[in-house]
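Shown next, in structure tokens, is the structure this report addresses.
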Amino acid sequence: MLKIALDGPSGAGKSTLAKEIAKRLGITYLDTGALYRTVGLAAKLQGVDPADADQVGKMLSVITVRVELENGSQVVYLDGEPVGDRIRTPEMSMYASRVSAIPAVRAFLLDTQRDFARRNPVIMDGRDIGTVILPDADVKFYVTVDPTERARRRLNELLAKGIETTLDEVLADMKARDLADSTRAVAPAVKAPDAIELDNTGDFDETVERALSIIRERTK
Ligand code: DC
């Protein structure tokens, strides 16, 4: 079963890239961030502090998180209910970021991710796919983007949502978050030693073509 890992920092355009590669190869795309967001949603619904490892740990023993393929797309269920767009708010980004630093949460979601890869040829995007979840992936990518370009994209997203900010503010914020993500004790967002760096600064179609040719080369 084909397994491709695609890791990298937030705002590097991983999901757009992974979706396109999945489409071109006729394989499945799994957005693993959605699983952390779902645990975040559970904490919110149960009034649990997402930074409290004890409380979150107790919550994990009473919730179920499942991911299914429906018409080729992933649907995540929390306690039997599809989570839908409820996990896509800025508040849930914050909740997901907090719970994702708790070792018990990472352990809780490990089998879900590995089982999915066992059942489906897949490209998974995340932070620790190549290092922890699928260390035996056929191809591992680590996506990078020039920091200023990444900040510019993020700034446009925020302005489109009506959030007033500046490029300098966004750059500073991103640097702080990258540092926290790459130095955290649990599953830091780092490049696997055998991952191939994929620069996603330039033309999107060219990046996709570059990825596809690397995949063909590595899997022939
Ligand atoms: O990719 P995203 O923004 O949906 O991820 C939400 C949060 O979950 C983000 O703070 C990073 C974390 N995450 C993680 O720790 N490991 C993953 N494999 C995917 C996401």
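The values are calculated or read from the model by the stated rules, or taken from the named source; none is laboratory data. This one's a predicted model, so the numbers in the text were calculated from it and none came from an experiment. Quick reminder, even Gly has a Cβ in these numbers, built from the backbone with ideal geometry, and neighbours come from all protein chains shown. Ligands, DNA and RNA are excluded from the accessible area calculation, which covers all protein heavy atoms including side chains. Shrake-Rupley method; radii C 1.70, N 1.55, O 1.52, S 1.80 Å.
Just a few scattered comments:
- Each Cα pair under 8 Å and six or more residues apart adds its separation to the average, and for region 81-220 the resulting relative contact order is 29 percent.
- What you get for the chain, charging only the Cβ of Lys and Arg (+1) and of Asp and Glu (-1), is a dipole of about 420 debye around the Cα centre.
- For the chain, a Kirkwood radius taken over Cα pairs fed into Stokes-Einstein (10 °C, viscosity 1.306 mPa s) yields D = 88 µm²/s.
- A Förster radius of 22 Å, combined with the Cβ-Cβ distance separating Ala51 from Arg86, puts the computed FRET efficiency at roughly 0.60.
- Positive-end residue of Phe204, Val186, Tyr142, charge dipole of region 128-220 with Cβ unit charges: Val186
- Rounded to 5, the percent of DSSP beta bridges in the chain classed as antiparallel: 30 percent
- Only protein heavy atoms count here; under a 1.4 Å probe, Asp115 has an accessible surface of about 60 Å².
- For Lys161, a cut-off of 27 angstrom between C-alpha atoms picks up these lysines, skipping any fewer than 8 places away in its own chain: Lys14, Lys19, Lys44, Lys175.
- Binning the alpha carbon pair distances of region 76-131 at 10 angstrom intervals from zero yields the distribution 18, 48, 33, 1, expressed in whole percent.
- Projected label distance in nm at Arg66 and Asp203, using a 7 Å step from Cα toward the beta-carbon: 4.5 nm
- Euclidean distance of C-alpha centroids, region 1-78 and region 107-158, integer Å: 10 Å
- For region 110-220: rounded, prolate or oblate by the Cα gyration tensor [a/c cutoff 1.5]: prolate
- The loop-placed trypsin sites (Lys or Arg not before Pro) in region 149-180, going by DSSP, that have at most 12 neighbouring Cβ atoms within 10 Å of their Cβ come out as Lys161.
- Backbone N atoms of region 51-92 closer than 17 Å to the 7 Å Cα→Cβ label point of Arg118 belong to residues 65-69.
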